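The values are calculated or read from the model by the stated rules, or taken from the named source; none is laboratory data. Remember, it's a predicted structure, so these values are computed and weren't measured experimentally. Heads up, the Cβs are rebuilt from the backbone with ideal geometry, glycines too, and the neighbour counts pull from every protein chain shown. Quick note on the areas: whole protein, heavy atoms, side chains included, nothing else; ligands and nucleic acids left out. Shrake-Rupley method; radii C 1.70, N 1.55, O 1.52, S 1.80 Å.
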Amino acid sequence: TNVELLAKKIVATPRQPLRISRHDLTLGASVGISMFPSQAADAEDLLGNADFALFQAKAAGRNGFRIFDLELRSDIQHRKELEQELRLAITGEQLELYYQPIVGGGTGIVEGYEALMRWNHPKRGFLPPSQFISIAEDAGLMTDLGNWAIARACQQAAVLPSHIKVAVNVSPNQFRSASILVKLRRVLEETKLDPKRLILEITETAILSDESLAEKLLREIQAIGVGIALDDFGTGFSSLSYLQRFPFNKVKIDRSFVAGMLDLPANLAVIRAVLGIGRDLGIAVVAEGVETKTQVDALLREGCSIMQGYYYGKPKPYSEIVADLSVQQLTSHRPIPAEKSIRLVR
Ligand code: C2E
Ligand code: CA
Ligand code: CA
């Protein structure tokens, strides 16, 4: 367009070297463009938008131009707003953990739950992690959020039946933070949770940047008694040698593999390989994202017996799993004492 041609000229002109007393000087220019009346109602708006576009042009490496983009601006404003609000979320008790059952596929017995964070935003309602975790990461808040999750999960797990385990997600930066061991020890001591009932879920990204630091940390965490699961296996780098080199207690096969296992032979092959290595090395294998009976049957046929997914239950609030567990306990773990039943009969 004409505007773009003009902008290109404006950017190019000052780049001609100027000779000033034996020095060659070049200047640079960046241009931000906003349209009237389609993008702005008045002069103030127009200048503001052009300024925003100019900022973007500079951020993209200077000596260029940018045309204002309304969607981009509202997107960036939205993230900034959420970032501000997120800072208050922990202290304002707006965060909550939902729990999704992890189940023995053959038996239907719940062995534990994965804790999944939700933000009960005062205006927007319950937000899933996809809407705030990347913002928290960029703002350097993820370690705080994650440590909050570990503490809350330990508190809540400590009063559940003692055969129930709880898995908590740990972000790469949180895992590598210097304080994770101190924090873990303190929380376990405060809540009196048996460390064997806590599992930390990490992804390969947590290990990639410094493998020997990661290995040391993994061993120190396990020395406390806490288990480690490798999450989302099959996405990203997914080197089978990781399973040999690092001391994982569990590996979770990503749900994309479970979804495709019946149609794509390659997915089935990956699942088989992970199950084989798991068996040889004594690492428990969990299938994620199990949604149908057909998937359950196929996984059982392959010898995968631990499962998690909507088929067995969506993530739900703590109060609901407490209710589920006490119903289970009443019906299966607590037979009516003989004395009482006699009295009842009489
Ligand atoms: P993830 O660790 O892979 O957690 C499993 C995700 O898959 C959850 O999404 C869960 O709701 C969803 N899911 C479970 N079963 C099924 C299924 O059968 N079908 C489908 N389509 N989805 C299923 P959610 O709760 O939205 O969490 C998304 C991600 O956010 C998690 O993925 C995890 O990476 C991250 N996250 C959640 N809570 C925390 C936390 O406290 N700390 C950290 N660092 N990350 C967290
Ligand atoms: Ca997880
Ligand atoms: Ca996962």
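The table for this structure:
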{"read-out": "Filter result (surrounded by 14 or more Cβ atoms within 10 Å (Cβ to Cβ), aliphatic (A, V, I, L, M) and in a loop (DSSP other than H, G, I, E, B)) within the range 35-66", "value": "ALA40"}
{"read-out": "Only listed residue being in contact (Cβ under 8 Å) with a residue 60 or more places away in the chain and within 16 Å of ligand 1 (Cβ to nearest atom), chosen from ASP231, ASP254", "value": "ASP231"}
{"read-out": "Identity of the residue in the range 276-303, at pLDDT below 95 and among the hydrophobic types (A, V, I, L, M, F, W, C), that ends up surrounded by the fewest Cβ atoms within 10 Å (Cβ to Cβ)", "value": "LEU281"}
{"read-out": "Options TRP119, TRP148; residue that is assigned to a helix (DSSP H, G or I) and away from ligand 3 (no atom under 16 Å from the Cβ)", "value": "TRP148"}
{"read-out": "Filter result (assigned to a loop (DSSP other than H, G, I, E, B) and within 14 Å of ligand 2 (Cβ to nearest atom)) within the range 280-289", "value": "GLU288, GLY289"}
{"read-out": "Single residue of the range 225-244 satisfying the filter (open to solvent by less than 40 Å² (accessible area, probe 1.4 Å) and either more than 19 Å from the chain's Cα centre (by Cα) or of a type in the set (S, T, N, Q) (or both)) that is nearest to GLU114 (Cα to Cα)", "value": "VAL226"}
{"read-out": "The range 99-109 - residue that is in contact with a helix residue (DSSP H, G or I) (Cβ under 8 Å, 6 or more places away or on another chain) and buried (at least 18 other Cβ atoms within 10 Å of the Cβ) and, of those, nearest to HIS163 (Cα to Cα)", "value": "PRO101"}
